[in-house]
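The structure appears right after this line, and notes come after that.
The values are calculated or read from the model by the stated rules, or taken from the named source; none is laboratory data. Predicted, not measured: the structure shown is a model, and the values here were computed from it. Heads up, the Cβs are rebuilt from the backbone with ideal geometry, glycines too, and the neighbour counts pull from every protein chain shown. Each accessible area value is taken on the protein alone, full model and side chains, heavy atoms only, with ligands, DNA and RNA left out. Shrake-Rupley method; radii C 1.70, N 1.55, O 1.52, S 1.80 Å.
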Amino acid sequence: MPESEPVMRAPTDLLSVGEVAARTGVAVSALHFYEREGLISSVRTAGNQRRYARHVLRRIAIIRVAARMGVPLAEVAEELASLPADRMPSRRDWERISEHWRGKLEARRLEIERMERELTGCIGCGCLSLGTCRVFNPGDALSVDGPGPRLLPEIDPNSLDPVAPAAGAPPAA
(Lines give C-alpha, C1' and ligand atoms only; values in the text may rest on other atoms or scores of the structure.)
Protein backbone atom coordinates (compact mmCIF):
# COMPACT_ATOMS: atom_id res chain seq x y z
CA MET A 1 0.00 0.00 0.00
CA PRO A 2 1.62 3.29 -1.04
CA GLU A 3 2.15 5.99 1.55
CA SER A 4 -0.28 8.85 1.25
CA GLU A 5 1.36 12.04 0.15
CA PRO A 6 0.52 15.30 1.88
CA VAL A 7 -2.19 17.28 0.19
CA MET A 8 -0.78 20.43 -1.35
CA ARG A 9 -3.18 23.34 -0.96
CA ALA A 10 -3.32 26.55 -2.88
CA PRO A 11 -3.26 29.76 -0.81
CA THR A 12 -6.83 30.42 -1.94
CA ASP A 13 -8.17 27.07 -0.74
CA LEU A 14 -10.65 27.24 2.10
CA LEU A 15 -10.13 25.17 5.25
CA SER A 16 -12.75 23.30 7.23
CA VAL A 17 -13.23 24.05 10.91
CA GLY A 18 -11.54 20.72 11.72
CA GLU A 19 -8.52 21.59 9.58
CA VAL A 20 -8.19 24.99 11.25
CA ALA A 21 -8.49 23.39 14.69
CA ALA A 22 -5.82 20.81 13.82
CA ARG A 23 -3.44 23.42 12.35
CA THR A 24 -3.80 25.91 15.23
CA GLY A 25 -4.26 23.61 18.23
CA VAL A 26 -7.43 25.51 19.10
CA ALA A 27 -10.63 23.64 19.94
CA VAL A 28 -13.50 23.85 17.47
CA SER A 29 -15.64 25.42 20.21
CA ALA A 30 -13.01 28.16 20.64
CA LEU A 31 -13.05 28.82 16.89
CA HIS A 32 -16.82 29.20 17.04
CA PHE A 33 -16.39 31.59 19.99
CA TYR A 34 -13.77 33.65 18.13
CA GLU A 35 -16.16 33.88 15.21
CA ARG A 36 -19.07 35.00 17.41
CA GLU A 37 -16.78 37.66 18.90
CA GLY A 38 -15.82 38.90 15.42
CA LEU A 39 -12.15 37.94 15.75
CA ILE A 40 -12.28 35.61 12.74
CA SER A 41 -14.81 34.98 10.00
CA SER A 42 -15.88 32.13 7.78
CA VAL A 43 -18.04 31.50 4.77
CA ARG A 44 -20.69 28.82 4.59
CA THR A 45 -20.96 26.04 2.06
CA ALA A 46 -24.24 25.01 0.44
CA GLY A 47 -24.45 22.42 3.23
CA ASN A 48 -24.02 25.20 5.86
CA GLN A 49 -20.53 24.07 6.85
CA ARG A 50 -17.97 26.67 7.90
CA ARG A 51 -14.98 27.29 5.66
CA TYR A 52 -12.10 29.57 6.59
CA ALA A 53 -9.64 31.43 4.41
CA ARG A 54 -6.05 30.40 5.11
CA HIS A 55 -5.18 33.83 6.52
CA VAL A 56 -7.38 33.04 9.52
CA LEU A 57 -4.49 30.85 10.73
CA ARG A 58 -2.39 34.00 11.23
CA ARG A 59 -5.22 35.77 13.06
CA ILE A 60 -5.57 32.81 15.41
CA ALA A 61 -1.80 32.86 16.00
CA ILE A 62 -2.11 36.52 17.02
CA ILE A 63 -5.00 35.66 19.36
CA ARG A 64 -2.99 32.87 20.99
CA VAL A 65 0.17 34.97 21.40
CA ALA A 66 -1.91 37.74 22.96
CA ALA A 67 -3.50 35.28 25.38
CA ARG A 68 -0.07 34.06 26.47
CA MET A 69 0.94 37.67 27.13
CA GLY A 70 -2.23 38.34 29.13
CA VAL A 71 -3.70 40.80 26.63
CA PRO A 72 -7.47 41.03 27.22
CA LEU A 73 -9.62 39.67 24.40
CA ALA A 74 -11.28 43.08 23.97
CA GLU A 75 -7.87 44.58 23.13
CA VAL A 76 -7.15 41.72 20.73
CA ALA A 77 -10.49 42.37 19.02
CA GLU A 78 -9.62 46.07 18.75
CA GLU A 79 -6.29 45.29 17.07
CA LEU A 80 -7.77 42.68 14.74
CA ALA A 81 -10.52 45.10 13.73
CA SER A 82 -7.80 47.39 12.38
CA LEU A 83 -6.59 44.67 10.00
CA PRO A 84 -8.06 44.06 6.57
CA ALA A 85 -10.46 41.12 6.76
CA ASP A 86 -9.65 39.87 3.27
CA ARG A 87 -5.93 39.14 3.60
CA MET A 88 -3.27 37.73 5.85
CA PRO A 89 -1.88 40.20 8.39
CA SER A 90 1.50 41.37 7.11
CA ARG A 91 4.80 41.71 8.90
CA ARG A 92 4.15 45.46 9.13
CA ASP A 93 0.73 44.77 10.71
CA TRP A 94 2.32 42.50 13.29
CA GLU A 95 5.09 45.01 14.03
CA ARG A 96 2.48 47.71 14.71
CA ILE A 97 0.45 45.43 16.98
CA SER A 98 3.46 44.06 18.83
CA GLU A 99 4.87 47.55 19.42
CA HIS A 100 1.57 48.59 20.98
CA TRP A 101 1.49 45.50 23.20
CA ARG A 102 5.18 45.87 24.08
CA GLY A 103 4.36 49.13 25.87
CA LYS A 104 1.58 47.46 27.82
CA LEU A 105 3.86 44.58 28.81
CA GLU A 106 6.55 47.03 29.95
CA ALA A 107 3.98 48.84 32.11
CA ARG A 108 2.90 45.54 33.67
CA ARG A 109 6.53 44.58 34.28
CA LEU A 110 7.16 47.89 36.09
CA GLU A 111 4.03 47.43 38.16
CA ILE A 112 5.07 43.92 39.17
CA GLU A 113 8.55 45.11 40.14
CA ARG A 114 7.06 47.87 42.27
CA MET A 115 4.69 45.40 43.91
CA GLU A 116 7.64 43.12 44.68
CA ARG A 117 9.43 46.00 46.43
CA GLU A 118 6.32 46.98 48.39
CA LEU A 119 5.32 43.43 49.28
CA THR A 120 7.84 43.11 52.10
CA GLY A 121 6.50 46.16 53.93
CA CYS A 122 2.84 46.53 53.11
CA ILE A 123 0.31 45.38 50.56
CA GLY A 124 -1.31 48.81 50.59
CA CYS A 125 -4.71 47.66 51.77
CA GLY A 126 -5.14 49.99 54.74
CA CYS A 127 -6.40 47.13 56.92
CA LEU A 128 -4.14 47.69 59.97
CA SER A 129 -4.07 43.92 60.44
CA LEU A 130 -0.28 43.78 60.23
CA GLY A 131 1.92 45.54 62.74
CA THR A 132 3.77 47.37 60.00
CA CYS A 133 0.60 48.82 58.52
CA ARG A 134 0.56 51.47 61.26
CA VAL A 135 3.79 52.77 59.75
CA PHE A 136 2.31 53.10 56.26
CA ASN A 137 -1.26 54.00 57.20
CA PRO A 138 -1.46 55.58 60.66
CA GLY A 139 -4.98 55.87 61.99
CA ASP A 140 -6.28 54.07 58.89
CA ALA A 141 -6.15 57.38 56.99
CA LEU A 142 -6.40 55.57 53.65
CA SER A 143 -9.95 54.41 54.40
CA VAL A 144 -11.29 57.82 53.37
CA ASP A 145 -10.10 57.12 49.81
CA GLY A 146 -12.36 54.08 49.49
CA PRO A 147 -12.00 50.32 49.59
CA GLY A 148 -9.11 48.25 48.32
CA PRO A 149 -5.38 48.77 48.03
CA ARG A 150 -4.28 52.39 48.05
CA LEU A 151 -0.49 52.48 48.32
CA LEU A 152 0.35 50.63 45.11
CA PRO A 153 -0.15 53.00 42.19
CA GLU A 154 -1.60 52.13 38.85
CA ILE A 155 0.87 52.54 36.01
CA ASP A 156 -0.17 54.45 32.93
CA PRO A 157 0.96 52.18 30.05
CA ASN A 158 1.33 55.20 27.77
CA SER A 159 3.86 56.99 29.94
CA LEU A 160 5.41 54.01 31.74
CA ASP A 161 5.57 56.23 34.83
CA PRO A 162 3.73 55.34 38.03
CA VAL A 163 0.63 57.40 38.60
CA ALA A 164 0.71 59.28 41.91
CA PRO A 165 -0.66 57.26 44.85
CA ALA A 166 -4.10 58.08 46.16
CA ALA A 167 -4.57 61.20 48.29
CA GLY A 168 -3.41 60.67 51.84
CA ALA A 169 -1.01 57.92 50.92
CA PRO A 170 2.61 58.33 51.94
CA PRO A 171 5.12 58.81 49.12
CA ALA A 172 6.49 55.60 47.63
CA ALA A 173 9.87 54.49 48.86
- Query: Name the residues in the stretch 17-53 that are open to solvent by less than 50 Å² (accessible area, probe 1.4 Å), within 17 Å of Val65 (Cβ to Cβ) and not hydroxyl-bearing (Ser, Thr, Tyr), would you?
  - Reply: Val20, Val26, Ala30, Leu31, Leu39, Ile40
- Name the single residue, out of those in the stretch 54-101 being surrounded by 19 or more Cβ atoms within 10 Å (Cβ to Cβ) and touching a Pro at 6+ places or on another chain (Cβ under 9 Å), that is farthest from Leu15 (Cα to Cα). Ile97
